[in-house]
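Down below is the structure, laid out as structure tokens.
The values are calculated or read from the model by the stated rules, or taken from the named source; none is laboratory data. Just so it is clear, the model here is predicted, and its values are computed rather than measured. Cβ coordinates were reconstructed from backbone atoms using ideal geometry, including for glycine residues, and neighbour counts include every protein chain displayed.
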């Protein structure tokens, strides 16, 4: 049997991942000026770096040292994106604490929606890159363990043969964690997955319970 490492194994979810990164950048860069603390060049630079790492997989063999480096680079870029969301949210909380009367309700509500969606998108990327060692290991069948317990993995009779989670599945995981403040379909199994989901739920809770609620209350 030929060694599968010699061949490029491309997860079709990469196109969806690039789209998610694009939407994330658009949302964060479109925040009103006073709510945007991170310079736009930092946001754009991180996004370009992440997209470059994703697209570089088109030119390197699956599970090769170069592909593993690209995976680590993508994880680092997503980590920076999570930090950007946290910084922007912290800046808004600072404004709410020290200059609440200067904040207009509608821009504040728009900002809360943008951050809530951006939070779901960035953690979609985090779960997609983390689970089972990343999309390359899942696509090649070389994952030794999984970080998220999708029901279809324990009951393959309910899905098509050879089923693997796509970027849409990870988007669903992140969206439901954003809305329910915890896991729904796929349970986190590892400490890394549990830590990510706790952080995502905390960001979502603060965004809804503090920022969005303050904006809605100010309209009354």
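Worth pointing out:
- Some residue of region 125-136 being more than 16 Å from residue 206 (Cα to Cα), over 17 Å from the mean Cα position of the chain (by Cα) and outside any loop (DSSP other than H, G, I, E, B): yes
- In region 150-166, residue surrounded by the fewest Cβ atoms within 10 Å (Cβ to Cβ) [restricted to those that are farther than 19 Å from residue 188 by Cβ and in contact with a helix residue (DSSP H, G or I) (Cβ under 8 Å, 6 or more places away or on another chain)]: 158
- Neighbours by Cβ (under 6 Å, 6+ apart or cross-chain): first from region 202-220, closer than 11 Å to residue 106 by Cα; second surrounded by fewer than 15 Cβ atoms within 10 Å (Cβ to Cβ): 215/105; 218/105; 219/105
- Complete set of residues in region 38-54 that are surrounded by fewer than 16 Cβ atoms within 10 Å (Cβ to Cβ) and in contact (Cβ under 8 Å) with a residue 40 or more places away in the chain: 42
- Selected residue (only one of 168, 173 is modelled with pLDDT of 90 or more and either assigned to a loop (DSSP other than H, G, I, E, B) or touching a strand residue (DSSP E or B) at 6+ places or on another chain (Cβ under 7 Å) (or both)): 173
- A single member of 59, 106 is farther than 23 Å from residue 203 by Cα and touching a helix residue (DSSP H, G or I) at 6+ places or on another chain (Cβ under 9 Å), and it is 59.
- Some residue of region 117-129 being surrounded by fewer than 19 Cβ atoms within 10 Å (Cβ to Cβ) and touching a residue at least 60 places away in the same chain (Cβ under 8 Å): yes
- Scoring residue 189 on the criteria (1) in contact with a helix residue (DSSP H, G or I) (Cβ under 6 Å, 6 or more places away or on another chain); (2) under 21 Å from residue 124 (Cα atoms); (3) surrounded by 13 or more Cβ atoms within 10 Å (Cβ to Cβ) leaves a single failure, condition (1).
- Considering 169, 147, the condition of being out of contact with any helix residue (DSSP H, G or I) (no Cβ under 8 Å at 6 or more places or on another chain), surrounded by 17 or more Cβ atoms within 10 Å (Cβ to Cβ) and touching a residue at least 12 places away in the same chain (Cβ under 8 Å) is satisfied by 169 alone.
- Region 186-198 residues that are without any contact (Cβ under 8 Å) to a residue 12 or more places away in the chain, paired with ones that are surrounded by 14 or more Cβ atoms within 10 Å (Cβ to Cβ) (beta carbon under 7 Å, 6 or more apart): 194/188
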